[in-house]
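Scroll down for the structure; my scribbles are underneath it.
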């Protein structure tokens with residue numbers, strides 16, 4: 001019995017020592033995570049500390065990659081991507097990188113991700129189709145920092161670009177980019193700021209989810225509300241909470257919008273896409289067939305438009321003149337809106353713009 005007691009005491013001592021060791025090791029990791037010459041806070045409010053800029057990054061959405069190009073960050077640091085980088089014309093190097101998931105919204109192939117040995121995984125912060133917290137819980141215990149940034153909301157775009165600039169030492173490039181943003185915005189707002197409320201058309205912007213169910217509209221925290229206002233119009237659903245929300249058909253009928261727009265992310269438009277199957281026209285016909293929609297101002301006056309997915313990302317400022325001219329063709333008749341889109345692709349992607357970026361019910 002005495003021998004058993006001694007063995008039990010010995011085992012308890014070993015467990016105690018192991019626990020102390022684990023606590024000390026955990027403390028070391030925690031202290032390491034909370035120190036470093038580079039400090040950034042992502043859009044989930046999570047702080048990250050780095051001794052130096054990361055040289056192995058995995059990202060799964062093209063918005064983050066676009067911002068890296070806009071800041072002149074060497075894409076050799078990107079070691080893993082998603083299937084969203086399929087276009088070899090726009091993403092010649094990244095389309096060849098190891099794929100860690102099918103799309104920015106799909107399940108992660110954790111084996112492929114770990115094989116790429118990243119320091120940082122860049123993921124959407126507030127996208128409803130991405131469970132950022134669950135990703136963080138799985139990856140951070142194995143030493144992969146999860147940096148949550150959206151790049152598709154106007155009110156946080158500059159802040160998020162600033163985070164990326166701080167992380168990679170591109171603060172000067174960020175300031176130059178912000179100066180360009182200011183110039184483009186001023187070109188538009190100097191004209192639209194003179195409009196009275198009655199001169200601002202009423203706009204409804206539908207989300208691409210409207211294709212499969214009753215209308216889902218872009219609302220209060222969507223960048224579209226800010227862009228629509230800057231372009232000289234009013235988003236009738238701006239006061240509704242969230243980024244998107246479902247509304248009844250009657251709500252749109254009651255609003256009787258002057259312009260009806262659609263987020264075109266799932267349409268075959270945008271860079272190197274040309275709507276060859278005329279899905280835009282099919283969609284406009286579908287909208288016209290909704291009960292009562294033939295009496296809407298936007299429909300009867302042929303003022304419907306589908307905007308490509310690029311307008312919803314970091315290209316949003318360069319796309320503002322296009323939106324403004326669509327809403328106020330009379331005010332912006334002298335502005336070549338395509339010039340700003342061309343400059344965006346030429347300056348930041350090093351390529352000539354190609355593709356159909358806007359579909360309109362009145363013809364292109």
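Computed values, structure above
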read-out	value
The stretch 323-360 - residue that is within 19 Å of the chain's Cα centre (by Cα) and surrounded by 19 or more Cβ atoms within 10 Å (Cβ to Cβ) and, of those, nearest to residue 229 (Cα to Cα)	323
Number of the exception - residue 176 against (1) outside any helix (DSSP H, G or I); (2) loosely packed, with under 15 Cβ neighbours inside 10 Å	(1)
Test: residue in the stretch 179-192 that is surrounded by 15 or more Cβ atoms within 10 Å (Cβ to Cβ), assigned to a helix (DSSP H, G or I) and at pLDDT below 95	no
Odd one out for residue 220 among (1) outside any helix (DSSP H, G or I); (2) under 18 Å from the mean Cα position of the chain (by Cα); (3) more than 22 Å from residue 125 (Cβ to Cβ)	(3)
Any hit, the stretch 318-329, residues being at pLDDT below 95, touching a strand residue (DSSP E or B) at 6+ places or on another chain (Cβ under 9 Å), within 26 Å of residue 185 (Cβ to Cβ) and not assigned by TED's automatic domain parsing to the domain that holds residue 61	no
Selection from the stretch 305-315 of residues that are assigned to a helix (DSSP H, G or I) and buried (at least 22 other Cβ atoms within 10 Å of the Cβ)	310, 311, 312
Qualifying residue in the stretch 112-127 (condition: under 20 Å from residue 174 (Cα atoms), surrounded by 20 or more Cβ atoms within 10 Å (Cβ to Cβ) and in contact with a strand residue (DSSP E or B) (Cβ under 7 Å, 6 or more places away or on another chain))	yes
Looking only at the stretch 64-86, and only at residues there that are out of contact with any helix residue (DSSP H, G or I) (no Cβ under 7 Å at 6 or more places or on another chain) and farther than 15 Å from residue 170 by Cα, the one that is surrounded by the most Cβ atoms within 10 Å (Cβ to Cβ)	82
Condition check for residue 94: closer than 21 Å to residue 271 by Cα and in contact (Cβ under 8 Å) with a residue 24 or more places away in the chain	yes
Entirely in the stretch 225-304, the helices (runs of 4 or more DSSP H) that have 2 or more residues that are closer than 16 Å to residue 213 by Cα, in contact (Cβ under 8 Å) with a residue 40 or more places away in the chain and assigned by TED's automatic domain parsing to the domain that holds residue 196	249-255, 279-288
Looking only at the stretch 87-111, and only at residues there that are assigned to a helix (DSSP H, G or I) and within 21 Å of the chain's Cα centre (by Cα), the one that is surrounded by the most Cβ atoms within 10 Å (Cβ to Cβ)	94
Any hit, the stretch 144-153, residues being touching a helix residue (DSSP H, G or I) at 6+ places or on another chain (Cβ under 9 Å) and either over 22 Å from residue 104 (Cβ atoms) or part of a helix (DSSP H, G or I) (or both)	no
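Quick grid of which residues meet (1) farther than 17 Å from residue 180 by Cα; (2) touching a helix residue (DSSP H, G or I) at 6+ places or on another chain (Cβ under 9 Å):
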position: 312; (1), (2): yes, yes
position: 320; (1), (2): no, yes
position: 329; (1), (2): yes, no
position: 334; (1), (2): yes, no
position: 339; (1), (2): no, yes
position: 346; (1), (2): no, no
position: 352; (1), (2): yes, yes
position: 360; (1), (2): yes, yes
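Yes/no matrix, rows are residues, columns are (1) under 24 Å from residue 222 (Cα atoms); (2) surrounded by fewer than 17 Cβ atoms within 10 Å (Cβ to Cβ); (3) in contact with a strand residue (DSSP E or B) (Cβ under 8 Å, 6 or more places away or on another chain):
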position: 266; (1), (2), (3): yes, yes, no
position: 278; (1), (2), (3): no, yes, no
position: 286; (1), (2), (3): no, yes, no
position: 290; (1), (2), (3): no, yes, no
position: 302; (1), (2), (3): no, yes, yes
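The values are calculated or read from the model by the stated rules, or taken from the named source; none is laboratory data. For clarity, every value in this text was computed on a predicted model and none was experimentally measured. Note that we place each Cβ from the backbone using ideal geometry, even for glycine, and neighbour counts take in every protein chain shown.
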